[in-house]
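The values are calculated or read from the model by the stated rules, or taken from the named source; none is laboratory data. Computed from a predicted structure; not experimentally measured. Every residue, glycine as well, gets a Cβ built from its backbone with ideal geometry; the counts of neighbours run over all protein chains shown.
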């Protein structure tokens, strides 16, 4: 007596709902001489599995929508959006953020007066920044003129360099506005680690806005006023 039974469980993912729908399909072949009891037993088994799986909606892990925070500093005339999960730490020359253990994103702000030349251009500032960040110790990947924010002209340099932790990959973007130079830098391990956070870095650069600079008056004791 020949009985051929096929049971197939199919999982259909619905990514736009963040859910999965599971169901079971079955097909079977019986000879005409199969007894009725065996058929009924098979139907009971299949029915039990169907009740357990159809139309169960199994909720899958839903990726939380990435939220952003706003960095705004009138003292340096700058504003931009960044991933809220990136811990931001201010320092004396700008700020740093750590997307993960292997990566660092930083901002360094300088007065263009430090270059010691009259009316410094973006190229002058990029040359100045290049000497400080990388210089001949770096191996160029590419360099080109780009834009940040609302079409502010910037200079970009992508490179690799050797360090204590081995080969690292970096990208620096220089832009100037109102006598101030801004150097955005992203460094990580080369390859997938570097590429993983690059879209978020691009979004930060695309969100850059220059705002009016507000010089904070130095605080003095009341008896000096």
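Points to keep in mind about this one:
- The set of residues in region 128-142 that are surrounded by 15 or more Cβ atoms within 10 Å (Cβ to Cβ) and either outside the structural domain of residue 104 (by TED's automatic domain parsing) or without any contact (Cβ under 8 Å) to a residue 40 or more places away in the chain (or both) comprises 134, 138.
- Residue check for residue 155: within 30 Å of residue 213 (Cβ to Cβ) and in the same structural domain as residue 84 (by TED's automatic domain parsing): yes
- Residue within region 110-127 that is touching a residue at least 12 places away in the same chain (Cβ under 8 Å) and assigned to a strand (DSSP E or B) present: yes
- Scanning region 75-107 for residues that are outside any strand (DSSP E or B) and closer than 27 Å to residue 167 by Cβ yields 85, 86, 93, 101, 102.
- Qualifying position, being modelled with pLDDT under 95, under 19 Å from residue 189 (Cα atoms) and in the same structural domain as residue 73 (by TED's automatic domain parsing), among 170, 116, 162: 162
- Within region 64-89, no residue satisfies the criterion of being within 10 Å of residue 207 (Cα to Cα) and at pLDDT below 95.
- Test set (1) under 18 Å from residue 201 (Cβ atoms); (2) at pLDDT 95 or above - residue 128 fails condition number: (1)
- Number of the exception - residue 212 against (1) more than 19 Å from residue 88 (Cα to Cα); (2) touching a strand residue (DSSP E or B) at 6+ places or on another chain (Cβ under 9 Å): (2)
- Top-ranked residue of region 178-209 - restricted to ones that are surrounded by fewer than 20 Cβ atoms within 10 Å (Cβ to Cβ) and part of a strand (DSSP E or B), ranked as nearest to the chain's Cα centre (by Cα): 187
- Flag if residue 94 is in contact with a strand residue (DSSP E or B) (Cβ under 6 Å, 6 or more places away or on another chain) and closer than 12 Å to residue 172 by Cα: no
- For region 128-149, the set of residues classified as assigned to a loop (DSSP other than H, G, I, E, B) and in contact with a helix residue (DSSP H, G or I) (Cβ under 9 Å, 6 or more places away or on another chain) consists of 149 only.
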